[in-house]
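The values are calculated or read from the model by the stated rules, or taken from the named source; none is laboratory data. Since the structure is predicted, the reported quantities are computational estimates derived from the model, not experimental observations. Cβ placement follows ideal geometry from the backbone for every residue including glycine, while neighbour counts extend to all protein chains displayed.
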Amino acid sequence: MHARNASKGIDWVLVGLYMILCAIGVISIFGATYKEGDPILQSFTSFKTDYGKQLIFWVLAMIIAVFIMVTDSKFFTATANLWYAFGIVLLLLVFPFHTEIKGTRSIIRFGSFQLQPADLCKVFVALALAKYLSRVETDFSKTKSQLIATAIALTPAILSILQQETGLALVYFSFFLVMFREGLPAGILIIGFSFAVLVVATLLMEPNTLAMILTGIALAAIYILRRQIKRRKQLLIAIIGIWMVCVGVQRFLVPYVFESVLQPYQVKRIYDTIGKDYVPSGGTAVLEEVPAKKKDDSGDYNVKQSKIAIGSGGFAGKGLLKGTQTRYDFVPEQRTDFIFCTIGEGFGFVGSFILMAVYFLLLMRIITVAERQRSVFSRAYAYGVASILFFHIAINICMTIGLAPVIGIPLPFISYGGTSLITFTAALFILIRLDADRQMVLR
């Protein structure tokens, strides 16, 4: 494809917002990891510093973006299922060939290069889900189609959980927003939200008290709907069934997951978020939160230091390279999961607001792009990209200010990491390529 044709129809607003975010990322990593006395220009062009590596990752990501832009958009529809199968194979290869890093077994190491298939597979799921939803024979009003779409989205999540990578596993639940846009009943999302509320209530309240409240709600529902129940006995059976499920979740499912599925340090981080102390069923406190890491790297410590850093930035911030919390390593993982606190301390409320505004413009632009597509495939894929980005942005920032558990997911285009940057870049530029050919109806 000629360069002139490749640039035709490109949404330069999306490209511009992408460039701004990547530049903010390199500057933030520089602000967090620069060592006094190092020659700035040489350190940026070397592969020895984190910000130098990130700059090289950005160049590599842009090369991949160019290849995507000169690729025929039909290629992505034709190979969507193949990419998904490739992603599942990569996830399966993690089990025999993984390298355990910071408690997760989801990384394959090739010399000095690390690959996390669970991160990369998000793009493949977005493509495969869009492919399935765009099929002529897919009737998404039927339960069978909804279950197949759910299986496409959550199979990688299950494999990620088995690799002790619960943070990225949760990202795959964002694809339910895509399904909702394409016709998934709102009641299913309400059920999912209600389940989350029930889990939180189970952690916050004494078991017998919550059981009594659930029973009271069921009895109140029976009383309010007593006339309808006289005409339809199935309604009474449904209310009793829902009550039994809720009590079962509260009494058995949540305790089992928290004691037998999640790691102790993960459970402790969840309890820290809701302001409660975690003591396992054995009665002894958790002393080693994260495998192979010191106690000061626990999620509770990270969040406390992160909030101090963000708060100390004030309105306008302390300035680049002038922060104390981030410059002196009080916040662990400040170049990756907690990069937002570097921005908050260095540039204050103003800098944080500008970053949030850029993210908001990016998400709104993606939604605008999604709604102008003629193809279901392009629209569904666009919403998939928006959902992934929204989940990462919301959870990461809430994590750094103590509103969400520390689950270890990066801030898009900002956090240090080659796999993360390349994944988000590929996801966004595939969308830009599809949008450039939006007059075509792709399936």
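Against the test of being hydrophobic (A, V, I, L, M, F, W, C) and assigned to a loop (DSSP other than H, G, I, E, B), the options Phe347, Phe315, Phe377 yield a single qualifying residue, Phe315. Number of residues in segment 350-379 that are polar (S, T, N, Q), under 19 Å from Pro412 (Cα atoms) and either surrounded by 22 or more Cβ atoms within 10 Å (Cβ to Cβ) or without any contact (Cβ under 8 Å) to a residue 40 or more places away in the chain (or both) equals 0. Against the test of being assigned to a loop (DSSP other than H, G, I, E, B), out of contact with any His (no Cβ under 9 Å at 6 or more places or on another chain), in contact (Cβ under 8 Å) with a residue 24 or more places away in the chain and among the β-branched types (Val, Ile, Thr), the options Thr71, Thr138 yield a single qualifying residue, Thr71. The residue that is farthest from Gln163 (Cα to Cα), among those in segment 395-413 that are surrounded by 22 or more Cβ atoms within 10 Å (Cβ to Cβ), among the hydrophobic types (A, V, I, L, M, F, W, C) and in contact with a Phe, Trp or Tyr (Cβ under 7 Å, 6 or more places away or on another chain), is Phe413.
When we screen Ile430, Ile422 for residues that are aliphatic (A, V, I, L, M) and buried (at least 24 other Cβ atoms within 10 Å of the Cβ), the only hit is Ile430. Among residues of segment 74-102 being of a type in the set (Ser, Thr, Tyr) and part of a helix (DSSP H, G or I), the one that is farthest from Gly25 (Cα to Cα) is Thr77. Take the conditions (1) farther than 30 Å from Ala130 by Cβ; (2) of a type outside the set (Lys, Arg); (3) in contact with a strand residue (DSSP E or B) (Cβ under 8 Å, 6 or more places away or on another chain); Thr419 misses just one of them, which is (1). None of Ser28, Ser106 is at pLDDT below 90, closer than 23 Å to Gln334 by Cβ, among the polar types (S, T, N, Q) and assigned to a helix (DSSP H, G or I) except Ser28. Per this entry, Ile239 is counted among residues that are in a helix (DSSP H, G or I) and more than 30 Å from Ala404 (Cβ to Cβ).
Would you check which residues across segment 165-175 are under 15 Å from Pro405 (Cβ atoms) and either buried (at least 21 other Cβ atoms within 10 Å of the Cβ) or more than 10 Å from the chain's Cα centre (by Cα) (or both) and list them? Within segment 165-175, Glu165, Thr166, Gly167, Leu168, Ala169, Val171 meet the criteria. Considering segment 348-392, and only residues there that are out of contact with any helix residue (DSSP H, G or I) (no Cβ under 8 Å at 6 or more places or on another chain) and of a type in the set (Phe, Trp, Tyr), the residue that is modelled with the lowest pLDDT turns out to be Phe349.
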